[in-house]
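J.: First the structure, which I've put down as structure tokens, then a few questions once you've had a look.
Derivation of every value follows stated rules applied to the coordinates shown; laboratory data play no part. Only a predicted model underlies this, so the values are computations on that prediction, with no experimental measurement involved. Cβ placement follows ideal geometry from the backbone for every residue including glycine, while neighbour counts extend to all protein chains displayed.
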Amino acid sequence: MIKAEDLQQYYPFNKIKVKFYPLLLSELEFFDKQKGEQLYTINRPAENTKYLTKGVVKVVTDKGREKVIKSTSLQSKYPIGDANKSNTMDAIIASAQASCFQISSTLLDHFQVWSGCYDQAPEDSPIRGHQSYEWVVGLLKSQSVQMLPQGNVGELFEALESRTVTAGEEIIAEGDAGDYCYIIADGEAEVFQCVAEGEQKIANLGKGVLFGESALVSSEPRNASIRMKTDGLLMQLSGEKFSKLLKAHVVRWITAQTAIEKIANGAILLDVREEEEFAHQGLQGSINIPVTQLRKKISRLDLTKEVITCSNLGSRCASAAFTLATLGYDVYALQGGISGLIRSLDI
């Protein structure tokens, strides 16, 4: 185990502000390995950046170059490997035992951008002056932000605005048009949906949670209401900036012809229209889950298969694709809607 201040000895942690080390320390995973066990394997991509704190590691690259890393050497203060290099090397424990720690490569890369944004921001910037910055880690760990290229992360933080809120305040009203999405910097919120009996609470939201993005993706009315459970602080992002920064990078569109090829290879066609629409014009073999019920019925989808979302004109399938992408699915949105796909099939 290491202490927060020890991170200053490691690259690239030494390029991040010391005040943020406790946040990063909580994201580290410490583990031990025995002689002969592998940390990285050629042609097998990994998602974490690993460091050696005790023992010896032998590295052999795909070019045949060899090196030995000892925990007592300066070299151990640098990563053994990361997500970009992990599939180009075999890294094997060479000592009887070894101790290591790892962190998500994407989180580490994006956190460096955050630290730079914080340094350069003026004192009155909305990203400064917070009692806690747990929300930054939560935001950077959200699947949609993890899919952002590193070069766009800074733009995200520069586009954020702050909003002070009070307990009971309604942030989003079901049925309203979407204008902003939000990140909870401080406080807690509750999610409600209208049901036959009135209103039903369906979720609690805490620090670092990104919400309100679905309506911005689909351009359709809000599908739930969100009210503050406590006083707090929100960071908000306008719909225009959301589309530029997040929607464009998270939603992947494919043509009808490409969709047909993927379906033939086992991809799932997910029709996210309402049940009545699906009954009127739905393709055999497809799965129907209305976009408003997607999170409730997510268990019907196989996480190991590609998913292609479809609807009439594309707005709902974009919303569904965004939601599924943030939940870890390999998902595409169909261009041209279900009618275009049917025409391509000559049905």
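J.: How much net charge surrounds SER125 when only other residues with a Cβ under 13 Å from its Cβ are counted (Lys, Arg +1; Asp, Glu -1)?
T.: Values: positive: ARG128; negative: ASP119, GLU123, ASP124, GLU158, GLU161.
Summing Lys and Arg as +1 and Asp and Glu as -1 gives -4.
J.: Normalised by the number of residues in segment 251-344, what is the relative contact order in percent for Cα pairs under 8 Å and 6+ residues apart?
T.: Numbers: 162 pairs, mean separation 35.1, N = 94.
This gives 37 percent for segment 251-344.
J.: Further, regarding this structure: Pop out the ³J(HN,Hα) list for segment 48-56 in order, Karplus 6.51 cos²θ - 1.76 cosθ + 1.60 with θ = phi - 60°, rounded to Hz; leave Gly and Pro as x.
T.: After applying 6.51 cos²θ - 1.76 cosθ + 1.60, I find 10, 9, 10, 10, 9, 10, 7, x, 9 Hz.
J.: Please find the FRET efficiency linking VAL68 to LYS244, where r is the Cβ-Cβ separation and R0 is fixed at 56 Å, and quote it to the nearest 0.05.
T.: Numbers: r = 47 Å, r/R0 = 0.84.
Efficiency, rounded to the nearest 0.05: 0.75.
J.: Grab the beta carbon distance between ARG295 and ALA264, set R0 = 25 Å, and tell me the FRET efficiency rounded to 0.05.
T.: Working: r = 29 Å, r/R0 = 1.15.
The formula returns an efficiency of 0.30 here.
J.: Here's something else I'd like to know. Please sort 320-328, 114-122, 76-84 by packing, taking for each peptide the average over its residues of neighbouring beta carbons within 10 angstrom, highest first.
T.: Going by the mean number of other Cβ atoms within 10 Å, highest first, we get 320-328, 76-84, 114-122.
J.: Sticking with this one: At q = 0.32 Å⁻¹, what log₁₀ I(q)/I(0) does segment 33-73 have when each alpha carbon counts as one equal point scatterer in the Debye sum?
T.: Computed log10 I(q)/I(0) values: -1.31.
J.: Same structure, new question: HN-Hα J couplings of segment 124-132 from phi, Karplus 6.51/-1.76/1.60, θ = phi - 60°, integer Hz, Gly and Pro as x?
T.: After applying 6.51 cos²θ - 1.76 cosθ + 1.60, I find 8, 5, x, 8, 9, x, 7, 5, 9 Hz.
J.: If one takes the longest principal axis of the Cα atoms in the chain, at what angle in degrees, from 0 to 90 and to the nearest 10, does the Cα axis of helix 315-326 lie?
T.: Rounded to the nearest ten degrees, it is 30.
J.: Rounded to the nearest 0.05, what FRET efficiency do GLN75 and GLN150 have when you use their Cβ-Cβ distance and R0 = 25 Å? Can you show the working numbers first?
T.: Details: r = 25 Å, r/R0 = 1.00.
Calculated value: 0.50.
J.: Next up: When only Cα pairs under 8 Å and 6 or more residues apart are kept, what is the percent relative contact order across the chain?
T.: On the way: 701 pairs, mean separation 44.9, N = 347.
Worked out over the chain, it gives 13 percent.
J.: Please list, in chain and number order, the residues 5+ apart from ILE171 or on another chain whose amide H is under 5 Å from its amide H, with Hs placed from the backbone.
T.: ILE226, ARG227, MET228
J.: OK, next. Give the dimensionless ratio obtained when the Cα radius of gyration of segment 25-118 is divided by 2.2 N^0.38 Å. Let's see the in-between values first.
T.: Details: Rg = 13.4 Å, N = 94, 2.2 N^0.38 = 12.4 Å.
Dividing the Cα radius of gyration by 2.2 N^0.38 Å gives 1.08.
J.: Further, regarding this structure: If a/c stays under 1.5 just call it rounded; otherwise compare a/b with b/c (prolate if a/b is bigger, oblate if not). Do that for segment 251-344, with a ≥ b ≥ c from the square roots of the Cα gyration tensor eigenvalues.
T.: Details: a/c = 1.39, a/b = 1.11, b/c = 1.26.
Rounded, because the longest to shortest axis ratio a/c is under 1.5.
J.: When the helix-only estimate is applied to the chain (DSSP H runs of n ≥ 4, each -39,500 (n - 2.57), divided by the residue count), what is the mean residue ellipticity at 222 nm, nearest 500 deg cm²/dmol?
T.: Numbers: 11 runs with 87 residues, N = 347.
Computed mean residue ellipticity for the chain: -6500 deg cm²/dmol.
J.: A follow-up question, please. For helix 150-159, what angle does its Cα long axis make with the longest principal axis of the chain, in degrees from 0 to 90 and rounded to 10?
T.: Between helix and principal axis, roughly 60 degrees.
J.: Report, by chain and number, residues whose modeled amide H sits under 5 Å from the one on VAL165, excluding near sequence neighbours (fewer than 5 apart, same chain).
T.: GLY232, LEU233, LEU234
J.: Could you pull the Rg and Dmax for segment 83-192, using just the Cα atoms, both in Å?
T.: Spelled out, the Cα radius of gyration and Dmax of segment 83-192 are 18.7, 62 Å.
J.: If packing is taken as the mean number of other Cβ atoms within 10 Å per residue, what is the order of 68-75, 197-204, highest first?
T.: On the way: 68-75: 13.5, 197-204: 10.6.
Ranking the peptides 68-75, 197-204 by packing returns 68-75, 197-204.
J.: Express in nm, to one decimal, how much length is gained between LEU303 and GLN200 on full extension, taking 0.36 nm for each residue of separation and deducting their alpha carbon distance.
T.: The LEU303-GLN200 span can extend by a further 34.3 nm.
J.: Given points 7 Å out from each Cα along the Cα-Cβ axis, report the GLU27 to THR164 separation in nanometres with one decimal.
T.: Taking the simple label geometry, GLU27 and THR164 are separated by 2.9 nm.
J.: Looking at the square roots a ≥ b ≥ c of the eigenvalues of the Cα gyration tensor of segment 121-248, which shape do they give, rounded for a/c under 1.5, prolate if a/b is larger than b/c, or oblate? Intermediate values should be presented prior to the final figure.
T.: Values: a/c = 2.02, a/b = 1.35, b/c = 1.50.
Because a/c hits 1.5 or more and a/b fails to exceed b/c, segment 121-248 counts as oblate.
J.: Where in segment 289-307 does the label zone of GLN193 land, with the point 7 angstrom along Cα→C-beta and an amide N cut-off under 11 Å?
T.: Answer for this model: 290-298.
J.: Classify the chain as rounded, prolate or oblate, taking a ≥ b ≥ c as the square roots of the eigenvalues of its Cα gyration tensor: rounded when a/c is under 1.5, otherwise prolate if a/b is larger than b/c and oblate if not.
T.: Details: a/c = 2.44, a/b = 1.37, b/c = 1.77.
Cα axes put the chain in the oblate bin.
J.: Something else: Sort 238-248, 9-19 by packing, meaning the average of other beta carbons within 10 Å per residue, with the highest value first.
T.: On the way: 238-248: 17.6, 9-19: 14.1.
In decreasing order of mean packing, 238-248, 9-19 become 238-248, 9-19.
J.: Would you mind calculating the relative contact order of segment 1-135 from Cα pairs under 8 angstrom and at least 6 residues apart, reporting the percent as a whole number?
T.: Values: 234 pairs, mean separation 41.8, N = 135.
It comes to 31 percent, rounded to a whole number.
J.: Give a residue-ordered list of calculated ³J(HN,Hα) values for segment 174-190 (Karplus: 6.51 cos²θ - 1.76 cosθ + 1.60, θ = phi - 60°; whole Hz; x for Gly, Pro).
T.: For segment 174-190, the Karplus curve yields 4, x, 6, 6, x, 10, 9, 10, 9, 10, 7, 7, 7, x, 9, 10, 10 Hz.
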